[in-house]
Amino acid sequence: MTAAILTVGTDVARGDASDACGEWLAARMSGLGFDVFERTVVPDDAEAVRRAVQRFVDACAVVVTVGGLLDGSVRSALGLGHAHDAAATALGSDGSFTLRAGRAQVVCLGADLAAVEHVFDGGALKHLIARARTPDRVAKLRIVGLAARDLGPRLRAVVPASVSVALHEAHPEATVTLRVPGAVPGAADLLTRTVDEVRARLGSAVFGEGDESFAAAVGKALRSRGRTLAVAESCTGGLIGSMLTAVPGSSEYLLLDAVTYSNVAKTRVLRVPSEVLLAHGAVSVECVRAMAAGARRLTDADLAVAVSGIAGPTGGTSEKPVGLVCFALEGEGVSLEQVIRFDGDRAAVQRQAAYHALSLVRDACAGPVTTTLPSVCG
């Protein structure tokens, strides 16, 4: 069953505000089995709203509008008079309503996301569900450490033609959405087999499904092994700890997040020897090794990870360019050091460094790591 979503708002049309309601509705309706063939944004202009509503009503079975209730532009476009017009059925106290227009069922919602979710699922849905086809089968796999250019060929090798693939990248994460039309015989089994094939193909790059965050996956790995963690950060400025503590229950495994940004903090808090800093500098494997050891000494944590680098845009040299980050992971049976150069601006370097540090922790929980890796730049 075809559907269209029309968002009314000058701020959204100009790019001053996001179309959060439209995005939520598209995902919700697609999951219900509607073919959302178009989403359009128009400004708060009565004629623009009228043209868009008329075009959608003539073209599809379901039309959902967002916004345009306060100024009456949507009601006017549908030929309605006052707010209690008998042709419309009220859906909520915010002025939301539904009605038949030609062959289309039209649902008109406000612009507040929380209200849209409540009204749509609480009242509007009953007017639409009978018109939906068999819902699609959908799975979302969360990926880390693989760029879209690398994911595409691997996915094409294992995903059948009857399964659609959508790839959204927010480096260093990516989300792969696999969708099987509900009308396909054995859709559920086909999706399960495809998910299994993708997981086998991508291996540990798949860290979860649905909306699970990478930090939550790392926490799950720590919890499953009964391990605790201490973190010592410099260039990431607390980002690693922020990611971890955003997960409820993280106090079960996270014992410390020490943001030792200055050399003074590194020596006074983590007891990094001053001679190490003088001889090798704060951005060095010697320094992060001492930072990790100090964090573990302070807490008796099973694992400690340390990060120090040059996030930029200034501070780089020919020997230690912007983007260079040193890592150390220490624990019983675990000793690992790495030097990696990341691309991007300051925020991108910090984000990639934080994810990489958490990847080291997750990998350590998958099995013992006793290798000291050579430095790599690139």
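Values in this text are rule-based calculations from the coordinates and carry no lab data. This one's a predicted model, so the numbers in the text were calculated from it and none came from an experiment. Methodologically, a virtual Cβ is constructed for each residue, glycine included, from the backbone with ideal geometry; neighbour enumeration extends over all protein chains shown.
Helix 285-299 axis versus longest C-alpha principal axis of the chain: approximately 80°, rounded to the nearest ten. Listed from fewest to most Cβ neighbours within 10 Å, the set Arg341, Arg351 follows the order Arg341, Arg351.
Can you grab the distance from the C-alpha centre of the stretch 26-43 to the C-alpha centre of the stretch 151-183, Å, no decimals? Answer, in whole Å: 19. Maximal additional length on extending the Asp71-Ser274 stretch stands at 66.4 nm, based on 0.36 nm per residue less the C-alpha distance. Does a label point 7 Å from the Cα of Leu167, set along Cα-to-beta-carbon, have any residues of the stretch 187-209 with amide nitrogen under 19 Å, and which are they? Label zone hits: 194-209.
Spin-label model, Asp150 to Asp189: label points 7 Å out along the Cα-to-beta-carbon direction sit 3.5 nm apart. Ellipsoid fit via the Cα gyration tensor, the stretch 1-74: semi-axes of 20, 15, 9 Å, each the root of five times an eigenvalue, largest first. Cβ-to-Cβ counts within 10 Å put Leu125, Leu167 in ascending order as Leu167, Leu125, the fewest first. Where only DSSP H runs of four or more residues are counted, the chain gives -11000 deg cm²/dmol as its mean residue ellipticity at 222 nm, each run worth -39500 (n - 2.57). Judged by the gyration tensor of its Cα atoms, with axes a ≥ b ≥ c, the stretch 2-131 is rounded; a/c sits under the 1.5 cut.
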